[in-house]
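These notes concern the structure reproduced below.
The values are calculated or read from the model by the stated rules, or taken from the named source; none is laboratory data. Note that the structure is a prediction, hence the values are computed from the model and not measured. Backbone-built Cβ (ideal geometry, glycine too); neighbour counts: all protein chains shown. Side chains included, ligands, DNA and RNA excluded: accessible areas come from the protein's heavy atoms. Shrake-Rupley method; radii C 1.70, N 1.55, O 1.52, S 1.80 Å.
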Amino acid sequence: MKRRQVVATPLFAERLGQFLADYAARGAVRFIERLHESYRGMVSTIGQFEEAARARRRTIGGKAVTVREYVLDAGARDFLVLYWIPPDPKEPVVLLNIRIGGQNRFRWR
């Protein structure tokens, strides 16, 4: 099976950057390393299991899409990634948003 490319929205990149900056300021080097390792594993496998992840229906830009969830295990904390797999296999998987596990809502802007 051919691996799909994975791209991140600016919102995802900004939120991940905020989390990394916050934990780096706290000196949580091992935590960041575990998060990085989990992130790399996600990117390498995310497009292979389209039906395995929990699905949610969301309206994004006026269009209803089915988005999926992926849990990044960083040891002391989990992060929940919301992503979309386009129906066309030539299109990349889109990482939409990320939040700390246990938070009630995703923050959208």
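Here are the numbers for the structure shown:
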{"item": "Heavy-atom surface of segment 1-96, accessible at 1.4 Å and reported per residue (Å²)", "result": "63"}
{"item": "Per DSSP, loop GluC sites (Glu not before Pro) in segment 7-81 with at most 15 further Cβ within 10 Å", "result": "E50, E51"}
{"item": "Sulfur and carbon atoms: percent of accessible area, segment 20-90 [1.4 Å]", "result": "51"}
{"item": "Segment D22-V43, extension gain: residue separation times 0.36 nm, minus the distance between their alpha carbons", "result": "5.3 nm"}
